[in-house]
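Written out below as structure tokens is the structure these notes cover.
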Amino acid sequence: MMNGGGGGGQKKRAPRIEPFRHRVETDPKFFDKSWRKLHDAIREIYNHNASGLSFEELYRTAYNMVLNKFAPQLYEKLTENMKEHLEDMRTCIDAAQGGLFLEELQRKWNDHNKALTMIRDILMYMDRTYIPTNKKTPVFDHGLELWRDTIVRSPTIQGRLSDTLLELIHSERTGEVINRGLMRTTTKMLMDLGLSVYQDDFERPFLEVSASFYSGESQQFIECCACGEYLKQAERRLSEESERVSQYLDVKTHEKITAVVVNEMLANHMQRLILMENSGLVNMLVEDRYEDLTRMYTLFNHVPDGLTTIRSVMASHIKDTGKSLVTDPERLKDPVDFVQRLLNMKDKYDNIINVSFSNDKSFLNALNSSFEHFINLNNRSPEFISLFVDDKLRKGVKEANEEDLETVLDKVMMLFRYLQEKDLFEKYYKQHLAKRLLSGRAASDDSERSMLVKLKTECGYQFTSKLEGMFTDLKTSEDTTQGFYASTSSELLADAPTISVQILTTGSWPTQTCNTCNLPPEIVSVSEKFRAYYLGTHNGRRLTWQTNMGHADIKATFGNGSKHELNVSTYQMCVLMLFNSSDVLTYREIEQSTAIPAADLKRCLQSLALVKGKQVLRKEPMSRDIADDDSFFVNDKFTSKLFKVKIGTVAAQKETDPEKLETRQRVEEDRKPQIEAAIVRIMKSRRVLDHNSIMMEVTKQLQPRFMPNPVVIKKRIESLIEREFLERDKTDRKMYRYLA
Amino acid sequence: MAAGGRVRFNVGGQVFETTTTTLANAGRDSMLGALLDSSWNVSSSSPSGGGVAEYFIDRNPACFAVLLDLLRTGSLHVPPHLPEKLLYREALYYGLLDHVRAARWGAFDGDRIRLAESVPGRAPGDGTAIRAAPDGGCCVAHGGAVRVYNWMLDERRPVSLDHSQVNDAAYLDAATLLIAARERLGKRDGGMAAFSAVSGDLRHRFRVAHDRQVKSFTAGAMAFDQESRIFASCKGRLNEYGIGVWDRVTGEQADFFYEHPGCALGDADKLQWLDATNALMVATLFPKADNCFIGLLDFRAKNVVWSWSDAGVAASLDDKRVLHAIAMEDERSVCVINQYDDLGFLDLRSGAGGVRWSSRSKLMNRKVPGEESCYPKLATHGGQLFSSMNDSISVFSGPEYVLTSTLRRSHGGAICDFSIGGDRLFALHNEENVFDVWETPPPPII
């Protein structure tokens, strides 16, 4: 080992002990020779002339250089050398004209990459040993860094590169076709050089240019386009940008460019677009433009506060249209039409939300609260809704099949839910139901009962218990009537008219002022027999005839010989029976002998004498109004195609103003005990409570039925204090105490 | 390339023939991979005409034979006459060193490991800690220096932080070593720093600032989470006790969790990041004044989400004292050990509750700890639990943690620390600072 090398034993002096040399001196020109070899090889590699090179030899050369601790110099030389090659490349790229610039850049990039791989192969040993211990950049990455600094970020190329890319994108945006493959490879190169290179050298300017492009474009569009048109454009632009990203940009750019387009095209013009006159959201809603609405919803979903804005505009539009609908005096004339319009409106918006707003919960909530708001603006809404149901459930009005009816009723229940004064609805519903049941005009028992079930599920048992009582009454009445006929001998009733009695429990039915009239003697006799039978079977009851609610079928033979069966009310029957004994009667005579209240009698005479086609009586003079001295006689020329003729009553379906006032008063009266009950319930459990809390809790408890008036609650509290259910706290007057 | 995929090598005069598929096992990143790559063989139609490409390599043929065998079979067989270091050097030339390391020993299994090597220590003082590197190397801290060994157990340059007493060392990755050191009175040294495990160079010094003022500190135990953060228990001069948090990439201080009264954090003996729980376990077992404390810190809410303390439990010296703690891998419980080598468990899912001591000490012939004893240590790996006591390490397996193996060797004295990593177990002995390397042998042939 000691003498093995060239430098070791040149001067031999016998007695001196040579110091032991650990390593043989290497050739002083070792580094230069070795580097020359690598240098030449690298040149051949860059010249695409690597076929003559021996990898093993080059690898061994580099290995030996590292082994002899020349790695730092080798690294330095390599850097220098690569830089030279890259500068040559830059000159070529600089020289490339116009459209060839990107292509040349691409070609050189490929060359460099390929060369770099081979250089890395040669210096692999250095990569494994010297690089990690000295925190240097590995050869391949170092080569990329050099490319970045020498080419991509050189003053001649940096600006030109980003300008070229942005120009190409601009021309693609304006509809030209560009070489996407070249774009892709170029952006890929930037990404390969590191995310920061892509972001700083391309993405940031790209986003800036895009922002100004779309800001300009949106300005231009918004001046001349309708909202729907504009949104279509925005949608197209958004999808174009996504496609661009998928074609030749980094995935992470997607979110950023989308944000730019959304911001420039939508967010900046949000108010103007949504509120655009003649084409904005309101117009889309009015014209049911589902497609535009869907587009608006999906686009503004990207914009902060976008959906909130759409929702509030929609809600205020619904409130406005709803308000004008419920307060239009024209609409108040026809309750059925009024409710039908409400239902149509509800359907319309349900559809829009379902189809265009992806059934968004918050939109449904806005819809509901808007309806709740405007329906209660008109205090007749409860009455009208009940009338609407009455119209649907009455026999013969419309022969709708039961399934359709079911869906209509379900929809009505939606409206019912919006009502604040549910007790008022109950009141009207009871009246209307009573009328239906007593006049035998309830279309179908099933539908009636299903409506009851709906109300019950909505408001609880208490709400419908009395309504159910009405149904029970009818059922038992039928049985009682049958029992009456079964127990009374037929001789006793011979020739007497057949009667059917409906026994109504007081309290279950809407209270009516009891207007008795003088019944014809035939009827009186049979009804007295019934009374005897009924009181005989039921102890301690009182029976009162409600003559204003009955109806009768009478057979009539007219002077011309035609025979008809007339379906009339009890009052009308009383009037007609008079003509069995007289030919002509004046109004006063009729009034005297029947004792029917004047208003009812007039109405009943009008329906007998003045309704076209159903003129059973004739009136002299032939005017609409009935005076005391007007005379009536049987119309001998009465004809009808039908054997059975139904004589309607000229009835005011809708309540007249005084009636309305009366109902309102009655409702207010009914509310008092309910409010008191609520106060007592609350106080019983809480014992002591301050005024404000009581008000709050009472309101909360009663809200499902009606909105109690604070003044009324206060009065009820006063009344309860008077009656010693409650007392005021002696020290704090605002506190109430429950007295057991 | 060559016809039939055959390749002929002339290595130092000896001819080998193999196939391109065998050589593909070397990978493109190796010298052999590059040698056969198409970019280096553009026009090499074999001049000999035999259809077989021949390459000359000026290296040792005996080693090439071993490495070629490794590429063929995936297993390493070193003939007795061939020095391992020679093989490693040749493997580095071909870029196959990682292949050799991977084939050198098998996947870690506490019940199959064998003593592979004993490395004599050269440190003057007692060792404080041994840490396994992810690649199978290790480092041993004694006194003011840390001795670093690569996986071939060659010693590298020792590392020190101003020669301050080292409290803890940890491998952030195979090439980066963190050191926590004590601050000496009057000198603004100590603290925590990152070193290159390869060259021993100082890479970064971690700073702690209180009220925007950088303060010197003593770092105790260290831990880091999966992605971004490094934690260390810190003691400042002016009672700035707590857990420091640094960003792993930038090395800048990210947070500081000041200790509340009743939970000692500043002189914690063990930190452990619980990934699933997203919390840091802090165990302070040798407190100066307070009681033993184990707690989980949540850094998002900045609170202690779970804690245990021996306040009122350990009254006299003979009582069971918790000496080491480790959170189990399922993060459901913390395992603790006392001076009698009893194992105990603390439930992490329920709030309070004492240590459930297992009855292991009754099974063992309980030996009153003599003078030679060291504090017991715990470790978990792959579902197994390891505990050191005196001169042996016990291995517990299965859901019930049944004792399945005992690792012991004849000399070296009590084990003062051990560590598992890179599929190896390193045990540092009290006497002579010798450390043992335990490895799992390659699986049997059949």
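A short reminder: the numbers here are calculations on the coordinates, not readings from a lab. These figures come from a predicted structure and were not determined experimentally. Cβ coordinates were reconstructed from backbone atoms using ideal geometry, including for glycine residues, and neighbour counts include every protein chain displayed.
Compared with the dominant Cα axis of chain B, that is its longest principal axis, helix B:84-94 is turned about 70°. Positive end of the dipole of segment A:29-151 (Cβ unit charges, origin at the Cα centre): among A:144, A:46, A:72, the Cα lying farthest that way belongs to A:72. Put in order of Cβ neighbour count within 10 Å, fewest first, the listed residues B:416, B:139 become B:416, B:139. Counted by Cβ distance under 15 Å from residue A:538, the other residues give a net charge of +1, where Lys and Arg count +1 and Asp and Glu count -1.
With both labels modelled 7 Å from their Cα along Cα-to-Cβ, the residue A:644 to residue A:336 distance reads 2.0 nm. At R0 = 35 Å, how high is the FRET efficiency between residue B:302 and residue A:235 if r is their beta carbon distance? Nearest 0.05 is fine. Rounded to the nearest 0.05, the efficiency is 0.15.
Each Lys and Arg adds +1 at its Cβ and each Asp and Glu adds -1 at its Cβ; summed about the Cα centre, the protein assembly as shown shows a dipole of about 1640 debye. Take the convex hull of the alpha carbons in segment A:352-434; its mean projected area over all directions comes to 6.4 nm². Across segment A:152-290, Cα-Cα distances exceeding 27 Å account for 30% of all pairs. In terms of Cα atoms, the Rg and Dmax of segment A:660-738 work out to 12.8, 45 Å. Comparing B:299, B:426, B:435 in a Gaussian network model of chain B where C-alpha atoms under 10 Å apart are linked, the largest mean-square fluctuation is found at B:299. What the pair-distance distribution of the protein assembly as shown shows, using all Cα-Cα distances binned every 10 Å from zero, is 1, 7, 9, 11, 11, 11, 10, 9, 7, 7, 6, 5, 4, 2, 0, 0, 0, 0 percent.
Sum -39500 (n - 2.57) across every DSSP H segment of at least 4 residues in the protein assembly as shown, then divide by the residue count to get the 222 nm mean residue ellipticity, nearest 500.
Numbers: 36 runs with 498 residues, N = 1186.
That comes out to -13500 deg cm²/dmol.
Geometric descriptor of chain B, per residue, is 184 Å³ (volume of the convex hull of the Cα atoms). Charge dipole of segment B:6-104 (Cα centre as origin; +1 on each Lys and Arg Cβ, -1 on each Asp and Glu Cβ, all else neutral): 140 debye, rounded to the nearest 20.
Among the cysteines of chain B, those whose beta-carbon sits 4.7 Å or more from every other cysteine beta-carbon are B:63, B:138, B:139, B:234, B:263, B:292, B:335.
So which helices of chain A fit the span-like rule, where a helix is a whole DSSP H run, its Cα atoms reach 27 Å or more along the axis, and its mean Kyte-Doolittle is at least -0.5?
Numbers: long enough: A:71-95 (36 Å, -0.88); A:100-122 (33 Å, -0.67); A:155-173 (28 Å, -0.37); A:204-224 (31 Å, -0.16); A:227-248 (31 Å, -1.42); A:306-327 (32 Å, 0.17); A:335-355 (30 Å, -0.28); A:461-487 (38 Å, -0.68); A:657-686 (43 Å, -1.31).
Helices meeting the span and hydropathy rule in chain A are A:155-173, A:204-224, A:306-327, A:335-355.
I'd like the antiparallel share, as a percent to the nearest 5, of DSSP beta bridges with both residues in chain B. DSSP beta bridges in chain B are roughly 95 percent antiparallel.
Can you give the charge dipole size of chain B about its Cα centre, rounded to the nearest 20 debye, using +1 on the beta carbon of Lys and Arg and -1 on the beta carbon of Asp and Glu?
Values: 46 positive and 54 negative charges, 74 e Å.
It comes to approximately 360 debye.
Each residue, residue B:311 and residue A:729, gets one label point 7 Å from its Cα in the Cβ direction; the gap between the two is 4.0 nm. Debye calculation, C-alpha points only, no solvent: report log10 I(q)/I(0) for segment A:310-473 at q = 0.13, 0.20, 0.21 Å⁻¹, in the same order as the q values. Calculated log10 I(q)/I(0) at the listed q: -0.64, -1.33, -1.42. Our summary gives chain A a relative contact order of 6 percent, counting only alpha carbon pairs under 8 angstrom and 6 or more residues apart. Full extension of the chain between residue A:414 and residue A:47 yields a length gain of 123.8 nm, computed as 0.36 nm times the residue separation minus the alpha carbon distance. Counting neighbouring Cβ atoms within 10 Å and putting the fewest first, the residues A:461, A:297 line up as A:461, A:297. Counting neighbouring Cβ atoms within 10 Å and putting the fewest first, the residues A:562, A:51, B:309, A:370 line up as A:51, A:562, B:309, A:370. A dipole drawn for chain B from +1 and -1 charges on Cβ atoms has a positive end, and of B:163, B:179, B:128 the residue lying farthest that way is B:163. Take the Cβ atoms of residue A:103 and residue A:247, set R0 to 25 Å, and the FRET efficiency comes out at 0.85.
Placing dummy labels 7 Å off each Cα toward the beta-carbon, the span from residue A:37 to residue A:359 is 7.7 nm. Panel values: segment B:6-104, Kirkwood radius from alpha carbon pairs, Stokes-Einstein at 10 °C and 1.306 mPa s, translational diffusion coefficient 114 µm²/s.
Multiply the residue separation of residue A:518 and residue A:669 by 0.36 nm, subtract the distance between their alpha-carbon atoms, and state the gained length in nm to one decimal.
Taking 0.36 nm per residue and subtracting the Cα distance, the gain is 51.0 nm.
Choose one of A:667, A:682, A:713: the residue whose Cα lies farthest towards the positive end of the charge dipole of segment A:660-738 (beta-carbon charges +1 Lys, Arg; -1 Asp, Glu; about the Cα centre). Going by the Cα projections, it comes out as A:682. Report the calculated FRET efficiency for residue B:154 and residue A:255 (r = Cβ-Cβ distance, R0 = 60 Å), to the nearest 0.05. Between residue B:154 and residue A:255 the formula returns 0.75.
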